[in-house]
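Got a structure for you, written out below as structure tokens; questions coming shortly.
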Amino acid sequence: MASILPIPDLIEDATAKLTCYPSKEKDLKQIDLPLARVPDWQHKAIEKFAEMLRKYKSLQVYMDICARCGACADKCQFFLGTGDPNNMPVARAELMRSVYRRYFTPEGRMFGAAVGAYDFDEAMLHKWYTYFYQCSECHRCAVFCPYGVDTAEITMAAREIMASIGVSTKYITEVIAKVYQTGNNLGIPPPAWIDNCKFLEEELKAETGKDIRLPVDEEGAEVLLVAPSADNFANTDTMMAYGILFYALGVSWTTSTYCNEGGNFGLFLNYANLKKVNRRIVDAARRLKVKRIIWGECGHAWRAGILTDTLNGPLDFLEVPHPIHICQYTAAMLKRGAFKLDKSANDDVLVTYHDPCQPARAGQLLEEPREIIRASCNKFVEMRADTIRERTFCCGAGNGLLTDEIMPIRMAGGKPRAEACRATGADVLATPCAICKAQLPEVMKHWKVDVRISGVHDLLVKAIVL
Amino acid sequence: MDTPTALWNLTAGALIGMAYIVGLIFIVGIVYRIYLYLSTPAPLPIATTPAPTTVPGAAARVAGDVFLFQNLLKYDKPLWIGSWLFHVGLALILLRHLRYVLYPVPGWVIDLQTIGMYAGFLFPIPALYLLWRRFALKRTLYVSGIPDFGALVLLAAIAGSGILMKYAAHVYLVDVKAFVIGLLTFHPVAPPAQPVFIVHFLLVLALMLYFPFSKLMHAGGIFFSPTRYQPYKTLERRYVNPWDP
């Protein structure tokens with residue numbers, strides 16, 4: 001089967017000028033990073049590189065073993081969309097390997113450029129900053145690599161090294177700073193969060209005639225739901241869907257204004273912030289004395305979510321200690337026959353499903369969303385086999401790329417998904433990820449695909465008979 | 001002693017010395033790299049999903065990678081055929097060569113002789129295919145450097161000189177065996193006085209010297225890829241980060 005997009009000709013430096021805006025001092029102050037490029041930055045970067053090599057088996061092994069067979073080369077949406085050779089996963093990783101060879105291998109120290117070993121100079125740093133921020137850490141290349149080399153591990157290490165010498169992007173650092181200030185990525189202050197929930201409760205009353213609640217900060221609730229803040233603000237259908245779901249199940253639940261976000265931008269920057277951002281979830285669960293934490297429809301939240309026990313655990317103060325995704329929870333309830341469903345409520349649309357990268361390739365979440373959609377819709381169609389499940393394409397904006405200054409990259413990266421969706425003729429594309437939900441409407445508009453983007457639970461609650 | 005004999009003795013001595021030095025670098029280099037892979041912690045669970053949920057399942061996944069190259073088998077058939085034949089050929093050739101090292105020669109090594117010979121003759125085909133592919137695809141050409149071509153050319157040259165010995169420049173098995181066993185038992189004797197053998201042997205030494213410092217370490221590293229060897233057990237028990245428990 002031919003690739004969903006023709007494999008492009010190599011266009012050197014096609015996207016070399018598309019870089020993210022650099023971080024602002026006010027944000028850096030809040031997240032423990034240097035406010036500007038540190039003195040002696042080259043030396044400091046290599047020291048940090050050495051530390052990362054000592055700490056991460058993945059990095060050490062992936063620096064050494066790539067055979068440059070090229071199996072990954074045409075699998076990245078950013079290469080398919082742009083043709084820039086540095087967007088081939090193997091070439092992206094070589095940007096880091098060339099520095100590794102120069103400073104950490106005898107042959108690189110001796111023979112330099114002849115064996116592909118290069119100095120970490122200003123030009124190299126600029127390449128890192130450009131291309132490691134054109135990678136969405138989506139793990140797709142790892143699926144095709146004979147050794148499972150995951151470029152996400154390499155990109156994450158490169159970003160951590162850069163952050164340590166004072167080089168990072170405005171979007172990511174701004175979001176993390178907002179999380180520490182307001183509890184969520186969008187910077188919604190607690191009173192506004194509560195207001196939004198009240199407003200949505202009124203909507204629910206008008207739509208269903210029932211008193212369906214969206215509880216906030218309720219101590220002693222059974223479930224703490226950590227949903228993306230975008231669900232409270234933009235994807236409100238999904239927020240209301242959580243309310244209907246728990247109402248139908250008769251389960252008490254709450255959101256937290258201390259931690260009303262699961263999405264973890266620390267994942268895109270460095271370990272310290274990954275851990276600190278995720279800690280809020282556990283702290284909120286302790287304060288509210290809940291029995292379990294359920295992660296909402298958010299891809300990166302789930303990626304960080306499955307690390308919670310490791311990063312911030314043990315979680316043994318919870319009755320159900322391990323992380324649970326809302327799709328796992330709902331699918332389990334479906335199996336128990338907990339809902340009365342009328343599938344014909346969704347008969348007006350043909351539905352397809354987009355696997356977000358993190359749940360599909362890092363979070364073992366492939367069947368549950370499909371089970372929910374199949375139980376809620378009569379008309380469900382899969383996209384091409386090579387564009388779904390573990391071979392799904394990134395929406396084009398994951399891992400800190402959802403920022404407007406690199407719009408051409410985002411649209412190019414989203415093209416494979418757009419074309420696969422177009423081919424199904426679906427009216428609705430359902431996906432459990434806030435970043436996908438923000439990015440895909442723009443992608444579909446750009447590539448002129450007539451489809452509405454929806455959450456997974458939005459479809460379920462339409463079919464639930466209350 | 002006449003001049004040619006003196007020269008030969010010098011050459012033989014140099015070869016033996018080189019063999020020991022290279023052998024030492026090869027062993028120490030590989031042991032060091034494997035130790036590095038073993039001892040470097042894997043702080044977070046990062047299995048590529050869908051992943052096996054048990055340790056035996058994960059072991060089976062790694063075995064599939066090692067013996068079947070399963071990701072290539074699933075998604076890149078031409079590369080799979082080329083690389084799998086290349087590696088199986090290499091393995092058969094190496095096993096066949098055990099007859100130069102072991103005494104007495106075990107029955108299964110003798111049984112391997114015929115197929116090992118065919119593997120040797122045919123080996124240049126997948127090797128040349130991989131070399132051709134490296135040039136033919138713009139994507140692989142872009143990321144290929146001297147070491148990538150070098151490794152293939154070196155292996156092809158070793159195979160070529162080996163085949164040559166079988167037909168054009170015959171070497172007695174007994175002489176080769178005396179030389180190799182002499183080296184292994186630290187009672188070195190002179191190598192067979194056959195230029196093609198000397199070339200073959202020198203090329204192998206070059207490969208051994210190159211091995212621990214190159215991408216050829218994928219041979220050992222494939223066992224240490226966390227995305228592949230980790231089972232997905234997040235729902236079962238806590239994964240502990242050794243440097244941040």
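Neighbour counts of other C-beta atoms within 10 Å: give me B:Trp80, A:Trp447 arranged from fewest to most.
Numbers: B:Trp80 19, A:Trp447 15.
Neighbour counts put them in this order, fewest first: A:Trp447, B:Trp80.
Out of residues 5 or more away from A:Ile453 or on other chains, whose amide H comes under 5 Å of its own, with H placed 1.01 Å from N in the peptide plane?
The answer is A:Leu429.
Taking chain A as a whole, which cysteines find no other cysteine Cβ under 4.7 angstrom from their Cβ?
Cys with no partner Cβ under 4.7 Å: A:Cys20, A:Cys66, A:Cys69, A:Cys76, A:Cys135, A:Cys145, A:Cys197, A:Cys259, A:Cys298, A:Cys327, A:Cys377, A:Cys421.
Over chain B, what is the mean sequence separation of C-alpha contacts under 8 Å (at least six apart), divided by residue count, expressed as relative contact order in percent?
Relative contact order for chain B comes out at 38 percent.
Fewest Cβ neighbours within 10 Å first, please rank A:Arg140, A:Arg361, A:Arg280, A:Arg287 accordingly. Don't jump to the answer; show the numbers that get you there.
Values: A:Arg140 26, A:Arg361 30, A:Arg280 22, A:Arg287 14.
In order of increasing Cβ crowding within 10 Å: A:Arg287, A:Arg280, A:Arg140, A:Arg361.
Just to be sure I understand: of the beta bridges DSSP finds with both ends in the protein assembly as shown, what percent are antiparallel, rounded to 5?
On the way: 2 of 18 bridges.
The answer is about 10 percent antiparallel.
To continue, here is another question. Once amide H atoms are placed 1.01 Å from N in the peptide plane, what residues at a sequence separation of 5 or more from A:Cys395, or on another chain, have their amide H within under 5 Å of its amide H?
Answer set, sorted by chain and number: A:Cys357.
Right, next: Which residue, B:Asp111, B:Asp175, B:Asp148, tops the fluctuation ranking in a GNM of chain B built on C-alpha contacts under 10 Å?
Result for chain B, Cα springs under 10 Å: B:Asp111 fluctuates most.
Along the positive direction of the dipole of the stretch A:31-151 (beta-carbon charges: Lys, Arg +1; Asp, Glu -1; about the Cα centre), which of A:Ser58, A:Thr151, A:Ala91 reaches farthest?
So the residue furthest toward the plus end is A:Ser58.
As I understand it, the dipole of the stretch B:117-245 uses +1 on the Cβ of Lys and Arg and -1 on the Cβ of Asp and Glu, about the Cα centre. Which of B:Leu183, B:Phe224, B:Leu122 lies farthest toward its positive end?
Result: B:Phe224, furthest along the dipole toward the positive end.
Toward the positive end of the charge dipole of the stretch A:127-221, about the Cα centre and with charges on Cβ (Lys, Arg +1; Asp, Glu -1), which of A:Gly183, A:Ile212, A:Phe132 goes farthest?
With unit charges placed on the Cβ atoms, the residue in question is A:Phe132.
Something else about it: Tell me which chymotrypsin sites (Phe, Trp or Tyr not before Pro) from the stretch A:282-339 have a DSSP coil assignment and no more than 13 other beta carbons within 10 Å of their own. Before the final figure, lay out each step's value.
Working: sites: A:Trp295, A:Trp302, A:Phe317, A:Tyr329, A:Phe339; in loops: A:Phe317, A:Phe339.
When the chymotrypsin sites (Phe, Trp or Tyr not before Pro) of the stretch A:282-339 are filtered for loop state and at most 13 Cβ neighbours within 10 Å, A:Phe317 remain.
I need the semi-axes of the equivalent ellipsoid of the protein assembly as shown: take the C-alpha gyration tensor, multiply each eigenvalue by 5, square-root it, list largest first in whole angstrom. Write down the numbers at each step before the final one.
Working: eigenvalues 586, 137, 109 Å².
The equivalent ellipsoid of the protein assembly as shown has semi-axes of 54, 26, 23 Å.
Residues of B:215-225, mean number of Cβ from any other protein chain within 10 Å of their own Cβ, rounded to a whole number?
6
When only DSSP loop residues count, what chymotrypsin sites (Phe, Trp or Tyr not before Pro) in the stretch A:164-228 have their Cβ near at most 15 other Cβ atoms within 10 Å?
On the way: sites: A:Tyr171, A:Tyr180, A:Trp193, A:Phe199; in loops: none.
Passing both the DSSP loop test and the Cβ count: no residue.
Let me ask something else about it. Taking H placed 1.01 Å from N in the peptide plane, check which residues at least 5 places from A:Ile464 or on another chain put their amide H under 5 Å from its amide H.
Placed amide hydrogens put A:Asp342 under 5 Å from A:Ile464.
May I ask you to derive the FRET efficiency for A:Ala123 and B:Leu38 from their Cβ-Cβ distance with R0 = 41 Å, giving the value to the nearest 0.05?
Efficiency for this residue pair is about 0.70.
Can you give the FRET efficiency to the nearest 0.05 for B:Val105 and B:Ala60, using r as the Cβ-Cβ distance and R₀ = 30 Å? Let's see the in-between values first.
Values: r = 34 Å, r/R0 = 1.12.
Efficiency at R0 = 30 Å is approximately 0.35.
Put a dot 7 Å past each Cα toward the Cβ at A:Met407 and B:Ile21; how far apart are the dots in nm?
6.3
Moving to a separate point now. Name the most mobile residue of B:Gly116, B:Gly64, B:Gly162, meaning the one with the largest mean-square fluctuation, in a Gaussian network model of chain B with Cα contacts below 10 Å.
Judging by the Gaussian network model, the answer is B:Gly64.
Could you work out the helix-only [θ] at 222 nm for chain A, with each DSSP H run of four or more residues adding -39,500 (n - 2.57) and the total divided by the number of residues, to the nearest 500 deg cm²/dmol?
The per-residue figure over chain A is -14500 deg cm²/dmol.
Enter the mean number of other protein chain beta carbons within 10 Å of the beta carbon of each residue in B:134-144, as an integer. Don't skip to the end; give the middle numbers.
Numbers: counts 3, 0, 0, 4, 7, 14, 7, 3, 11, 13, 4.
Mean number of neighbouring Cβ atoms from other chains: 6.
Past the 20 Å Cα-Cα mark, which pairs from A:Lys24/A:Lys55; B:Lys77/B:Lys138; A:Lys75/B:Lys74; B:Lys177/B:Lys215; A:Lys26/A:Lys170? Can you show the working numbers first?
Details: A:Lys24/A:Lys55 29 Å; B:Lys77/B:Lys138 18 Å; A:Lys75/B:Lys74 14 Å; B:Lys177/B:Lys215 31 Å; A:Lys26/A:Lys170 10 Å.
Checking Cα-Cα distances, A:Lys24/A:Lys55; B:Lys177/B:Lys215 exceed 20 Å.
When the gyration tensor of the stretch A:1-91 is built from Cα positions, what are the square roots of 5 times its three eigenvalues, in whole Å, from largest to smallest? Spell out each step's value before the answer.
Values: eigenvalues 203, 87, 27 Å².
With the √(5λ) rule applied to the stretch A:1-91, the semi-axes are 32, 21, 12 Å.
Starting with the fewest neighbours, write out A:Phe104, A:Phe79 ranked by other beta-carbon atoms found within 10 Å of each beta-carbon. Let's see the in-between values first.
On the way: A:Phe104 18, A:Phe79 31.
Ordered from fewest to most neighbouring Cβ atoms within 10 Å, A:Phe104, A:Phe79 come out as A:Phe104, A:Phe79.
Using 0.36 nm times the number of residues separating B:Met117 and B:Trp132, minus their current alpha carbon distance, what extension gain do you get?
Values: separation 15, 0.36 × 15 = 5.40 nm, distance 2.38 nm.
Net length gain for the segment: 3.0 nm.
Placing unit charges on C-beta atoms (Lys and Arg positive, Asp and Glu negative, everything else neutral), compute the dipole magnitude of the stretch A:138-204 about its Cα centre in debye, rounded to 20.
On the way: 5 positive and 8 negative charges, 64 e Å.
For this selection, approximately 300 debye.
How crowded by other chains is A:106-118, given as the mean number of beta carbons from other chains within 10 Å of each beta carbon? Walk me through the numbers before you get to the answer.
Numbers: counts 3, 4, 1, 0, 1, 2, 0, 2, 3, 6, 6, 1, 0.
Partner Cβ neighbours, averaged per residue: 2.
Charges at C-beta only: +1 for Lys and Arg, -1 for Asp and Glu. How large is the resulting dipole of the stretch A:89-178 about its Cα centre, in Debye rounded to 20?
On the way: 10 positive and 10 negative charges, 16 e Å.
Approximately 80 debye in magnitude.
What size of dipole, in debye to the nearest 20, comes out for the protein assembly as shown about its Cα centre when the only charges are +1 on Lys and Arg C-beta atoms and -1 on Asp and Glu C-beta atoms? Let's see the in-between values first.
On the way: 73 positive and 65 negative charges, 213 e Å.
Once rounded to the nearest 20, the dipole reads 1020 debye.
Read-outs throughout are calculated quantities, based only on the coordinates presented, and are distinct from any laboratory measurement. Quantities reported herein were computed from a predicted structural model and do not represent experimental measurements. Note that we place each Cβ from the backbone using ideal geometry, even for glycine, and neighbour counts take in every protein chain shown.
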